[in-house]
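The values are calculated or read from the model by the stated rules, or taken from the named source; none is laboratory data. Note that this is a predicted model, so its numbers are computed, not measured. Don't worry about glycine lacking a Cβ; one is built from the backbone with ideal geometry, like all the others, and counts go over all protein chains shown.
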Amino acid sequence: MLRLAMMLQLDDVLTKAEVARVRETLARAPYESGTVSGKKALKNNLQADKSNPEVQVATRAVLNRMFARPEFTGFAMPKNCILMFNRYDVGMTYKDHMDAALMGPSQAQALRADLSFTVFLTEPEEYEGGEFVLQSPFGEQRIKKPAGSFMCYPSDMLHRVDPVTGGTRWAAVGWIQSFLRDPRQRATIAHLEDLRRRLVRDFPESEYPEEFAEIHQNLLRMWAEV
């Protein structure tokens, strides 16, 4: 696990077998232009049709695996989540952009995008180019992770996908509305939960984890938006 400028990276959120099953679905899925959810001047990719039943099954499968990871739920404190699958063939790209503050099919059904995420579904050696590039406070981060890996970052960070020059790049991408709008509050809660998990692991008979849990829950009581 890596935290960088409020960024979370996890390996093996999906197993190789799970990645293969999702890829089989995506190989059969109908696609539409990515411009239906992004500006044509910036975005040139394809996204799987979310109304397709097989795509919906794959969506639930990936979300279930994400939510099974306590590192993710402790970091993001997710209240609502949207996920979709995209594909970049040769020449496709997504130029520098910031994700919209409100994401969803309509304002009535929108969530506030506090965090964005990517689940990589293609091994790095299967395609050329196509790096995910994040403009972080520590400089430009170029990321190309193994299939099944996950990353989550603040939605207000500029990012892009460089042009694919060989092969095809598949990924699941999405947006999270957190119970905690303030990133400093999320960082504090995530830190406390991480410390509690380590105390439980290293000192299973200690009373300290429960004391940390009391602080954790009382801070949530003060800060959480439900």
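On the basis of being more than 24 Å from residue 39 (Cα to Cα) and either surrounded by fewer than 17 Cβ atoms within 10 Å (Cβ to Cβ) or in contact (Cβ under 8 Å) with a residue 12 or more places away in the chain (or both), does residue 193 make the cut? So residue 193 fits the description; yes.
Identify the residue in the range 73-99 that is out of contact with any Gly (no Cβ under 9 Å at 6 or more places or on another chain) and in a loop (DSSP other than H, G, I, E, B) and, among all such residues, is farthest from residue 18 (Cα to Cα). Top of the filtered list is 98. Applying the criterion of being farther than 14 Å from residue 173 by Cβ and among the acidic types (Asp, Glu) to the residues of the range 83-100, the residue that is farthest from the chain's Cα centre (by Cα) is 89. With respect to the conditions (1) of a type outside the set (Val, Ile, Thr); (2) exposed (fewer than 13 other Cβ atoms within 10 Å of the Cβ); (3) within 12 Å of residue 173 (Cβ to Cβ), residue 34 lacks only one, and its number is (2).
Take residue 83 and tell me if it is in the same structural domain as residue 126 (by TED's automatic domain parsing), over 30 Å from residue 226 (Cβ atoms), in contact (Cβ under 8 Å) with a residue 24 or more places away in the chain and not polar (S, T, N, Q). Here the answer is no, as residue 83 does not meet what is asked. Confirm whether residue 40 is surrounded by fewer than 16 Cβ atoms within 10 Å (Cβ to Cβ) and under 25 Å from residue 97 (Cα atoms). When the stated conditions are applied, residue 40 passes them. A Cβ distance below 7 Å, combined with a sequence gap of six or more or placement on separate chains, defines the contacts here; from the range 201-226, residues that are within 24 Å of residue 176 (Cα to Cα) reach residues that are of a type in the set (Lys, Arg) and not in a helix (DSSP H, G or I) in the pairs 225/181.
Against the test of being touching a helix residue (DSSP H, G or I) at 6+ places or on another chain (Cβ under 9 Å) and more than 23 Å from residue 74 (Cα to Cα), the options 174, 167 yield a single qualifying residue, 167.
In the condition set (1) of a type in the set (Asp, Glu); (2) touching a Lys or Arg at 6+ places or on another chain (Cβ under 8 Å); (3) assigned to a helix (DSSP H, G or I), residue 225 is compliant with all but (3). Checking the range 53-72 against the condition returns no match, with no residue being surrounded by 17 or more Cβ atoms within 10 Å (Cβ to Cβ) and in contact with a Gly (Cβ under 6 Å, 6 or more places away or on another chain). In the range 203-226 there is no residue that is farther than 24 Å from residue 48 by Cα, acidic (Asp, Glu) and buried (at least 18 other Cβ atoms within 10 Å of the Cβ). Of all the numbered requirements in (1) touching a strand residue (DSSP E or B) at 6+ places or on another chain (Cβ under 7 Å); (2) hydroxyl-bearing (Ser, Thr, Tyr); (3) exposed (fewer than 14 other Cβ atoms within 10 Å of the Cβ), residue 93 misses one, and that requirement is (3).
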